[in-house]
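The values are calculated or read from the model by the stated rules, or taken from the named source; none is laboratory data. Please read all numbers here as calculations on a predicted model, not as lab measurements. Here the Cβ positions follow ideal geometry from the backbone for every residue, glycine too, while neighbour counts run over all protein chains shown. Ligands, DNA and RNA are excluded from the accessible area calculation, which covers all protein heavy atoms including side chains. Shrake-Rupley method; radii C 1.70, N 1.55, O 1.52, S 1.80 Å.
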Amino acid sequence: MSSTISTTTYQAAQSVAKTVEEHFIFHHENAKRHNKDDFAPKPDAQVIESIIDTTFWASLRREEGHSPSISLAFLPPELSGQPLIFENRLTFTPAILTKLAPAVERSGIHLGIWIDGDELYIWGTTRVIPNLCFVLEVIEPGMLVIKHRRIDGFGKFVNVAVLKGDQIKIVDDISGKIPDCPNLVTSLIGFNSSSLWNDSLNVMVQLAVSMRDHKRGGILLVVPSGRETWRDSIIHPISYSITPTFSELAELYEQHETESEHPIWINKITNAVNHIAGLTAVDGATIINDRFELLAFGVKIGRSTFSSRVDKIMVTEPIVGNVASIVPPVQNGGTRHLSAAQFVFDQRDSLALVASQDGRFTIFSWSPCDNIVQSHRVDALLF
C-alpha cells in the first residue's frame, strides 16, 4: 500500500516547501555546470510539503514510551548503496513511521521514501545515499531538519532548514559569502573554498559537531601555528599542557588526499576528532593550532595585559531574515561566551568555538572590516 499526497495540516510545511524546492533546483543546476552527475532526483514542492507534514505528526507520537528518531531519504532503491528492500511497500503515514523508528534510529540509517504517481511509499532502508539527496531528520518531537549530502562527500550533511513547531529557520546561503565570515561558517553552509577549513574533509566542522554531541559544553580555541602570543591570554600555570604537541589528527589530515575514501582511515580520523572534541568537556578551554595539533586543554582564559576589556560584539546567525546586532558581550551568553569573546578580541588571528549544554553553538571571530568581535550562532547548521 502507499499514501496519496493530500492537503497538509502542518502550516510550516506549506510555508517552507517552495523555498526548499528552489534550493534543490539551484544546487542541481550548479552541480551540472561543474560536470557532476551522481546526485539524487530533486523533489518538487508538493512532495516536500507532504513528507514534512507526515513526518512532523509522526514526531509527536510515542512508541512504547519513546519519541521517534527518524531520518528519511527521498530516492528510489536503485540509487542507494546496498539497500534493504521490503518485500511489500509500506504506507507512508505517521503511524507506520512511528512503528519503524526504533529499527532505524541509529546514526547513518535512512528510511527510503519514493513516489509512484501521486503516492509516496516506504521501500526500505539504506546507509548510502547519493549527493544532493533530500533528507528529513527528526531531532526531537516537533523539530525537523531538512538537509542533503554535500557534493564532495565526507563530513556533515548541509542543513537547508530547521523547523520547530511554527518556527522556521532557512539557512541563508548568502551569509557564507559576506566579508569576514569565517570559513568554518562557510563550510557548514556548504560552499566550496580553497581554505583548509572547507575542503572535502571538513575537520573543523566535524570537531564542532562532536563538541556539540557530548552535551557538556566546552570551548575550542584555534590559534595560528608557529606563534606563542596566545599564551598572553591564558592564566598560568596551564594544568594540562601538551609537550610535545599531540599530532595524531594533524598526521591523519595530511593523508586525506590519498586515503579519504578508505574506511579504515575514515574510522581513524573520526576517532581522532572525537578524542580532541572530548577534551573540551573538561572545565576550561582546549587549544589546537590551525594544523590541528593539540597544545593544551583545561585552560583558563584571562585578559591579556596588552589588551583592554571587550565591550561590544556583533551577533549574527546565518538564517534568512537575520539582521546583525551589536550588543555588550554579557548579553550574548554566560562565562564561556564572555571569555571566548575576550580571547578573540585579544588574539585577532584566532577563532573560538563555544558549545553550550543546551545545544547552542557559537563561533567567535575578529572582523577587520568592522573592527569588532563577531559572534556567529550556528546551531541551526549543526543539527
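Determine if the stretch 139-151 includes at least one residue that is at pLDDT below 95, assigned to a strand (DSSP E or B), in the same structural domain as residue 16 (by the TED database) and of a type in the set (D, E, K, R). The answer is yes, given that some residue of the stretch 139-151 is at pLDDT below 95, assigned to a strand (DSSP E or B), in the same structural domain as residue 16 (by the TED database) and of a type in the set (D, E, K, R).
Could you tell me which of the residues 330, 354 is under 13 Å from residue 221 (Cβ atoms), hydrophobic (A, V, I, L, M, F, W, C) and either assigned to a strand (DSSP E or B) or open to solvent by 20 Å² or more (accessible area, probe 1.4 Å) (or both)?
Working: 330 fails: under 13 Å from residue 221 (Cβ atoms).
Going through 330, 354 in turn, just one is under 13 Å from residue 221 (Cβ atoms), hydrophobic (A, V, I, L, M, F, W, C) and either assigned to a strand (DSSP E or B) or open to solvent by 20 Å² or more (accessible area, probe 1.4 Å) (or both): 354.
Using the structure shown, decide if residue 111 is outside any loop (DSSP other than H, G, I, E, B), of a type outside the set (Gly, Ala, Ser) and open to solvent by less than 10 Å² (accessible area, probe 1.4 Å). Spell out the reasoning first.
Working: outside any loop (DSSP other than H, G, I, E, B): yes; of a type outside the set (Gly, Ala, Ser): yes; open to solvent by less than 10 Å² (accessible area, probe 1.4 Å): yes.
Answer is yes for this residue.
For the condition without any contact (Cβ under 8 Å) to a residue 60 or more places away in the chain and more than 21 Å from residue 202 (Cβ to Cβ), what is the one hit in 320, 344, 299, 282?
On the way: 320 fails: without any contact (Cβ under 8 Å) to a residue 60 or more places away in the chain; 299 fails: without any contact (Cβ under 8 Å) to a residue 60 or more places away in the chain; 282 fails: without any contact (Cβ under 8 Å) to a residue 60 or more places away in the chain.
344 is the lone residue from the list that is without any contact (Cβ under 8 Å) to a residue 60 or more places away in the chain and more than 21 Å from residue 202 (Cβ to Cβ).
Rundown of residues vs (1) open to solvent by 70 Å² or more (accessible area, probe 1.4 Å); (2) modelled with pLDDT under 95, yes/no style:
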| residue | (1), (2) |
| --- | --- |
| 301 | no, no |
| 305 | yes, yes |
| 312 | yes, no |
| 335 | yes, yes |
| 340 | no, no |
| 346 | no, no |
| 359 | no, yes |
| 382 | no, yes |
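Looking across the stretch 92-108, the residues that are exposed (fewer than 15 other Cβ atoms within 10 Å of the Cβ) and either of a type in the set (Gly, Ala, Ser) or free of Cβ contacts under 8 Å to residues at least 24 places away in the same chain (or both) come down to 95, 103, 106, 107, 108. Taking the conditions exactly as written (in a helix (DSSP H, G or I) and either modelled with pLDDT of 90 or more or not aliphatic (A, V, I, L, M) (or both)), does residue 373 satisfy them or not? So residue 373 fails the test.
Consider residue 372 carefully, then state whether it is in contact with a Leu (Cβ under 6 Å, 6 or more places away or on another chain), under 20 Å from residue 325 (Cα atoms) and of a type in the set (Val, Ile, Thr). Let's see the steps before the verdict.
On the way: in contact with a Leu (Cβ under 6 Å, 6 or more places away or on another chain): no; under 20 Å from residue 325 (Cα atoms): yes; of a type in the set (Val, Ile, Thr): yes.
Judged against the criteria, residue 372 is not a match.
In the stretch 36-91, the residue that is most open to solvent (accessible area, probe 1.4 Å) out of those that are in contact with a His (Cβ under 7 Å, 6 or more places away or on another chain) and at pLDDT 90 or above is 42.
Give me the strands (runs of 3 or more DSSP E) completely within the stretch 240-302, filtered to those with at least 1 residues that are under 24 Å from the mean Cα position of the chain (by Cα), ordered by residue number. I'd like the intermediate steps shown before the answer.
Details: elements: 240-246, 285-289, 294-299.
The strands (runs of 3 or more DSSP E) meeting that bar are 285-289, 294-299.
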